Amino acid sequence: MPADPITLIIGEEELLAERAIGEVVASARVDDPDTEVTEITGLESGRLAELTSPSLFGGGKVLVLRSAQDLGKDLTAELLKYAKDPAPDVALVAVHHGGAKGKALVDGLTKAGARKVTCPKVTKMGERIDFVRAEIRRHGGKISADGARNLLDAVGNDLRELAGACSQLVADTGGKIDDAAVARYYRGRAEVSGFTVADKAIEGQLADALEQLRWALATGVAPVLIVSALAQGVRGLAKVGGAPRGARGASLAKDLGMPPWKIDRVQRQLRGWSGDGVAQALRTVAAADEQVKGGAADAAYALEKAVSEIVAARGR
């Protein structure tokens, strides 16, 4: 009999659910490489007994029952009866989307001792950052929270694409992934390039900011996008720095129109900045914006000057 005769997978996150199914199959095939895998959606009366009956040729089975929440009352009762005395050499995987529908099945399988795997939809920024960092660790690498945010900016929120990007980054970098590595790998993505320049400048890292700026320009990122990122970064300092003392959490996020994770990041960046310094930086990005839109003969020089002045404004 398999180690887990019954596995209950609950949740809407398809990537995580597919992985959980894959783990059951892989575990079964450790003992029996010829384990048969059968996937079905829905059941007919008596079909479960047929599917879980011993094979004429012997060997194990993995039966994956998808959309288990859609089983009616009679079929749910049939499945729960089976769960009390599961067939030997059969690993049953019931995939339930979550929610109230089919709750009797979830409760019954849980009571019967099914192994439960939860795969909730990953919707919040913090959850996506955690996913990226865990995915990088899964492949033997390491990435900072800021690096994970930059990867999200570059790739988007689709977990399958993120998982593929994490795997590729670890393979290409040897495992230690910083902001520059993300930017290099996703060259041509203006969002990463511009905001990396802005973050480095705001944090006072002049050499890194100039390096990222030159790289962004060399790979074709438009100067107007870079100055836009600089402006957003400095305006973020002004908004968060000007918030009422004691304001925090969801109310602060709502007042500023910024997600909590971004407020936390800007609050860290504010260390070393004064009100006069932020005001000077705002004037700098306003001048740079005018220059890259036609006011200067050399947009690259104007951007380098702006980056240097922003770094200098920090600490004033």
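Scan segment 25-54 for residues that are polar (S, T, N, Q) and in contact with a strand residue (DSSP E or B) (Cβ under 7 Å, 6 or more places away or on another chain) and jot them down. Outline the logic, then answer.
Keep residues of segment 25-54 that are polar (S, T, N, Q), which gives 27, 35, 38, 41, 45, 52-53.
Matches in segment 25-54: 35, 38, 41, 52.
Any chance you could count how many residues in segment 271-299 are at pLDDT below 90 and touching a Lys or Arg at 6+ places or on another chain (Cβ under 8 Å)?
Going through segment 271-299 one residue at a time, the tally reaches 1.
Being of a type in the set (Val, Ile, Thr) and without any contact (Cβ under 8 Å) to a residue 60 or more places away in the chain is the filter; apply it to segment 203-238 and report the residue that is farthest from residue 272 (Cα to Cα).
Start the filter on segment 203-238 by keeping residues that are of a type in the set (Val, Ile, Thr), which leaves 219, 221, 224, 226-227, 234.
Remaining after also requiring without any contact (Cβ under 8 Å) to a residue 60 or more places away in the chain: 219, 221.
Details: 219: 32, 221: 29 Å.
So the residue we want is 219.
Among the residues of segment 128-149, are any without any contact (Cβ under 8 Å) to a residue 24 or more places away in the chain, assigned by TED's automatic domain parsing to the domain that holds residue 40, charged (D, E, K, R) and closer than 26 Å to residue 8 by Cβ?
no
Taking interchain pairs and intrachain pairs at least six residues apart, which have beta carbon atoms under 6 angstrom, with the first residue in segment 22-46 and at negative phi and the second modelled with pLDDT of 85 or more and among the charged types (D, E, K, R)?
Listed by first residue and then by second, the contacts come to 35/29; 36/61; 41/66.
Considering segment 123-151 alone, what residues qualify as being among the hydrophobic types (A, V, I, L, M, F, W, C), under 9 Å from the mean Cα position of the chain (by Cα) and crowded, with 18+ Cβ neighbours inside 10 Å?
Passing the criteria: 129, 131, 132, 148, 151.
If we keep just the residues of segment 270-303 that are part of a helix (DSSP H, G or I) and among the charged types (D, E, K, R), which is surrounded by the most Cβ atoms within 10 Å (Cβ to Cβ)?
Step one: list which residues in segment 270-303 are part of a helix (DSSP H, G or I), which gives 275-295, 299-303.
Those left that are additionally among the charged types (D, E, K, R): 276, 283, 289-290, 293.
Working: 276: 10, 283: 13, 289: 18, 290: 13, 293: 12.
Ranking the qualifying residues of segment 270-303, first place goes to 289.
Going by the structure shown, is residue 83 in a helix (DSSP H, G or I) and over 34 Å from the mean Cα position of the chain (by Cα)?
yes
The values are calculated or read from the model by the stated rules, or taken from the named source; none is laboratory data. Just so we're clear, the structure is a prediction, and the values are computed from it rather than from any experiment. Don't worry about glycine lacking a Cβ; one is built from the backbone with ideal geometry, like all the others, and counts go over all protein chains shown.
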